[in-house]
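This report refers to the structure that appears directly beneath it.
Every number here is computed from the coordinates shown, using simple stated rules; none is lab data. Just so it is clear, the model here is predicted, and its values are computed rather than measured. Cβ atoms come from the backbone with ideal geometry, glycine included; neighbour counts cover every protein chain shown.
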Amino acid sequence: MIAYVHGILEDVSDGNAVVDVNGIGYNVKISGSTMNELPHLHDEVKLYTYTYVREDQFLLYGFTDRDELEMFKLLITVNGIGPKGALGILGIMNATDLRFAILAADTKMIAKAPGIGKKTAERVIIDLRDKISMEDTMEIALDGSRSSKGVVMESAQAAARNEAVEALKSLGYGASEALKAVKKVVGVDENDVEAILKAALKYLV
């Protein structure tokens, strides 16, 4: 299997990118969000890929980061969701927002994807909610589990922010808006849940 393609971006069209790797042009299927993250034509690009093989097809699906690739792999395990449907969902929201939509059972958000109806959106939530944890989603959303220096975020700080998100949810706020508010908080004690919560509420008023 091809783990990734690394070369020169030669062409981009709706849903497809052509990457020149040592003189060989690879057609790579991409989502709308991935297309927006691509560099300029003729610049270097690296796409993490999933190889889709059927009797009459050999296709590559590419993503700018591994997280989106992992969500793509989860989506295609859902009955009724093929690669095209998975790309459609990831085209309207990133991997983190999709995780929160699943955890919050937000069928309306998922059903906004082309070709995805309410029943299919419900199936996505039912099949994947046990494969996604709030804690892991928080760590990924809060710049992964590493700072810009590559140091693992202290568990106490991650736990404090997670508690703040849970507190906001208990107050009636959605998972996605709670996370976004907590992510905006700066200049407070990272271990103080109450301080984080008060600061986050200012972004929600």
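Could you compute how fast the range 66-131 diffuses translationally, taking Rh as the Kirkwood radius over C-alpha pairs and applying Stokes-Einstein at 10 °C with viscosity 1.306 mPa s? Give it in µm² per second.
Roughly 142 µm²/s, to the nearest whole number.
So for the pair Ser13, Arg66, with labels modelled 7 Å out along Cα→Cβ, what separation do we get in nm?
My value for the distance between the label points is 3.3 nm.
How big is the gap, in Å, between the Cα center of the range 55-74 and the Cα center of the range 3-48?
Spelled out, the Cα-based centre of one part sits 13 Å from the other.
If the chain between Ile2 and Ala195 were fully stretched, how many nm would it gain, using 0.36 nm times the residue separation less the Cα-Cα distance? Walk me through the intermediate numbers first.
Working: separation 193, 0.36 × 193 = 69.48 nm, distance 4.68 nm.
Contour length minus Cα-Cα distance gives 64.8 nm.
Under 15 Å Cα to Cα from Lys118, which aspartates and glutamates show up? Leave out anything in the same chain fewer than 8 places away.
Asp106, Asp127
What order do you get for Lys119, Lys84 when you list them from fewest to most C-beta neighbours inside 10 Å?
Details: Lys119 10, Lys84 13.
Listed from fewest to most nearby Cβ atoms, that is Lys119, Lys84.
Run through the DSSP bridge list for the chain and note the antiparallel percent, rounded to the nearest 5.
Details: 24 of 25 bridges.
Within the chain, antiparallel bridges account for around 95 percent of the total.
Tell me the Kirkwood hydrodynamic radius of the chain in angstroms, computed as one over the mean inverse distance between distinct C-alpha pairs. Before the final figure, lay out the partial values.
Working: mean 1/r = 0.0540 Å⁻¹.
After inverting the mean inverse Cα-Cα distance, the result is 18.5 Å.
In whole Hz and in residue order, list the ³J(HN,Hα) couplings for the range 14-28 that follow from phi through the Karplus curve 6.51 cos²θ - 1.76 cosθ + 1.60, θ = phi - 60°; x for Gly and Pro.
4, x, 8, 10, 10, 10, 8, 10, 6, x, 10, x, 9, 7, 10
With respect to the cross-link table entries Lys119/Lys169; Lys108/Lys184; Lys112/Lys169; Lys46/Lys73, which display a Cα-Cα separation exceeding 21 Å?
Numbers: Lys119/Lys169 25 Å; Lys108/Lys184 25 Å; Lys112/Lys169 23 Å; Lys46/Lys73 18 Å.
Violating the 21 Å Cα-Cα cut-off are Lys119/Lys169; Lys108/Lys184; Lys112/Lys169.
When you take every Cα atom in the range 4-63, what is the radius of gyration, and what is Dmax, the widest Cα pair distance, in Å?
Rg then Dmax for the range 4-63, in Å: 10.9, 35.
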